[in-house]
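See structure below.
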Amino acid sequence: MSISTAVVLGLIVIAVLYAIVTYNGLVELKHNIAKAWANIDVLLKQRHDELPKLVEVCRQYKQFEQETLTRVTEARSRVARARENHDVPALGAAEGMLRMGLGQIFAVAEAYPELRANEHFMQLQSRITALENAIADRREWYNESVNINNVRVEQFPDLIVARLFRFDQQPLLVFSSAQKADVDLKKLFNA
């Protein structure tokens with residue numbers, strides 16, 4: 001075997017090994033994104049199950065704002081649809097609406113001392129707040145996984161393997177500025 005043949009074979013082996021390592025890395029990223037989404041999904045499902053209980057406790061106080069409860073119920077339905085369809089952009093919008101609705105429920109509840117004294121309401125509020133924090137953590141992990149994937153499928157020479165095996169960019173879970181803003185308590189109580 002000549003030196004040039006050995007060099008060519010060596011380069012082919014290196015290229016194949018590089019393609020295998022790159023492919024395996026992209027597969028791992030794809031599964032990390034799926035795992036991050038599944039973690040968000042579990043928490044959204046748990047919150048989805050808790051919200052009707054919170055709405056029902058609030059509804060027991062007849063004068064509690066029905067419009068606020070209706071908004072939360074509608075947003076909950078939108079989150080469920082987006083979650084079931086794995087529609088990341090729609091989930092971001094629906095999550096923002098739900099977050100605002102929950103903020104309004106908790107803010108309006110301040111005007112109802114009997115409701116705030118209700119042990120069941122306080123437990124649900126704590127549970128939902130804990131779920132909200134966990135969802136925020138999982139969204140951050142999801143977006144980090146998506147970002148790493150998106151960078152890898154655009155970087156040369158990884159993009160060659162990514163295109164060859166159809167590894168695509170994934171959407172980030174984003175929220176508009178209005179959806180990220182704190183609830184305006186002054187506006188709520190003056191309305």
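Condition (residue is loosely packed, with under 12 Cβ neighbours inside 10 Å, closer than 30 Å to C58 by Cβ and at pLDDT below 95) applied to the range 151-163: is it met by at least one residue? Within the range 151-163, not a single residue is loosely packed, with under 12 Cβ neighbours inside 10 Å, closer than 30 Å to C58 by Cβ and at pLDDT below 95. Of the residues making up the range 3-50, those that are closer than 16 Å to L131 by Cβ and without any contact (Cβ under 8 Å) to a residue 60 or more places away in the chain number 6.
A quick yes/no check of all residues on (1) charged (D, E, K, R); (2) assigned to a helix (DSSP H, G or I); (3) within 23 Å of E74 (Cα to Cα):
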residue	(1), (2), (3)
R116	yes, yes, no
M122	no, yes, yes
I135	no, yes, yes
E140	yes, yes, no
I160	no, yes, no
V174	no, no, yes
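Across the range 111-134, the number of residues qualifying as free of Cβ contacts under 8 Å to residues at least 40 places away in the same chain, over 20 Å from R83 (Cα atoms) and of a type outside the set (A, V, I, L, M) comes to 5. I need the full set of residues from the range 29-71 which are outside any helix (DSSP H, G or I) and crowded, with 17+ Cβ neighbours inside 10 Å, in order please. Those that are outside any helix (DSSP H, G or I) and crowded, with 17+ Cβ neighbours inside 10 Å: F64, E65. When the range 1-23 is filtered for residues that are of a type in the set (S, T, N, Q) and surrounded by 11 or more Cβ atoms within 10 Å (Cβ to Cβ), only T22 remains. Tallying residues that are in a helix (DSSP H, G or I) and either hydroxyl-bearing (S, T, Y) or more than 20 Å from G103 (Cα to Cα) (or both) within the range 72-89 yields 8.
If you check D137 against the conditions, is it in contact with a Ser or Thr (Cβ under 8 Å, 6 or more places away or on another chain) and either more than 28 Å from E67 (Cβ to Cβ) or free of Cβ contacts under 8 Å to residues at least 24 places away in the same chain (or both)? Criteria not met by D137. Looking only at residues of the range 28-71 that are more than 18 Å from E140 (Cα to Cα) and aromatic (F, W, Y), we find that the one that is farthest from the chain's Cα centre (by Cα) is Y61. If you go through the range 105-112 one residue at a time, do you hit one that is touching a Leu at 6+ places or on another chain (Cβ under 6 Å) and either at positive phi or at pLDDT below 90 (or both)? Looking through the range 105-112, at least one residue is touching a Leu at 6+ places or on another chain (Cβ under 6 Å) and either at positive phi or at pLDDT below 90 (or both).
The values are calculated or read from the model by the stated rules, or taken from the named source; none is laboratory data. What you see is a predicted model, and the numbers here were worked out from it, not measured in a lab. Using ideal geometry, Cβ is built from the backbone for each residue, glycine included, and neighbour counts are taken over all protein chains shown.
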